[in-house]
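Inspection log for the structure reproduced underneath, given as structure tokens.
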Amino acid sequence: MTANAVWYQDHRHPAPLFATRVLAVDVRGEDGISRYRVVRDTGEIKADPATAHVQKALTELSIYTGAIDGVSGPRTREAVAAYRRSIGLDPDGGVDAALLRRLDYQPEMPRPSPAPRHVSLAERTGSVPSPPSEPIEKVSEVQGALTRLGYTGIDIDGVMGAKTRAAIRDFQRKNDLAVTGEVDAALVKSLRRTSPKG
């Protein structure tokens, strides 16, 4: 049995009890002599968060007594089969979606990282002040007033986009205001005076 496990198997065992050597056969030349090269298996076993959750849950139910390491070994498989049998699931099903639902497993979702904000050279060097950021409510009010005055293509979303800035500049120019393309007190006052109520 040992010779079979060590020398004659041509593939890895699907559930080894411990890490063993992997045998690579290298047949060289026309002399027909097989040369064996024994290589130590260095593959790391990765912990699975779902398996760790199952191990923890089954430990709390006094079904599993092994280490909570996220690796599905013989004790984990035996405990899973016993638990599945006790709740009426197929004991050979392993750790599947039905079992994970039953044990309230919630996979940790990766958190999206915020998109990097583009910073102009002027902002980085401090040579030109950054444009003031306006409250969303104020920008939305300006967008609504401009829309009621007939400016098209503006979304009333509180975001100072290119179309909003262009409409503000046009309104400021037509109403003898300082043309900045920004929301300021003079702009809001003039819009409140001239915009029909909507």
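The values are calculated or read from the model by the stated rules, or taken from the named source; none is laboratory data. Values in this document were obtained by computation on a predicted structure and should not be read as measured data. Note that we place each Cβ from the backbone using ideal geometry, even for glycine, and neighbour counts take in every protein chain shown.
Couple of notes before you dig in:
- When residue 118 is tested against the conditions (1) outside any loop (DSSP other than H, G, I, E, B); (2) modelled with pLDDT under 85; (3) under 30 Å from residue 181 (Cα atoms), the lone failure is (1).
- Output for segment 150-196, where each listed residue is in a loop (DSSP other than H, G, I, E, B), under 18 Å from residue 135 (Cβ atoms), over 37 Å from the mean Cα position of the chain (by Cα) and hydrophobic (A, V, I, L, M, F, W, C): none
- Conditions (1) over 30 Å from residue 50 (Cβ atoms); (2) at pLDDT below 90; number of the one not met by residue 106: (1)
- Checking each residue in segment 127-155 for being modelled with pLDDT of 85 or more and in contact with a Gly (Cβ under 6 Å, 6 or more places away or on another chain) picks out 139, 140, 148.
- Any hit, segment 99-106, residues being polar (S, T, N, Q), under 29 Å from the mean Cα position of the chain (by Cα) and surrounded by 15 or more Cβ atoms within 10 Å (Cβ to Cβ): no
- Scanning segment 147-176 for residues that are surrounded by fewer than 17 Cβ atoms within 10 Å (Cβ to Cβ) and hydrophobic (A, V, I, L, M, F, W, C) gives 149, 156, 159, 162, 166.
- Residues in segment 66-95 that are part of a loop (DSSP other than H, G, I, E, B), within 32 Å of the chain's Cα centre (by Cα) and either of a type in the set (Val, Ile, Thr) or surrounded by 14 or more Cβ atoms within 10 Å (Cβ to Cβ) (or both): 66, 68, 69, 70, 71, 72, 73, 89, 94, 95.
- Any chance residue 59 is modelled with pLDDT under 90 and among the β-branched types (Val, Ile, Thr): no
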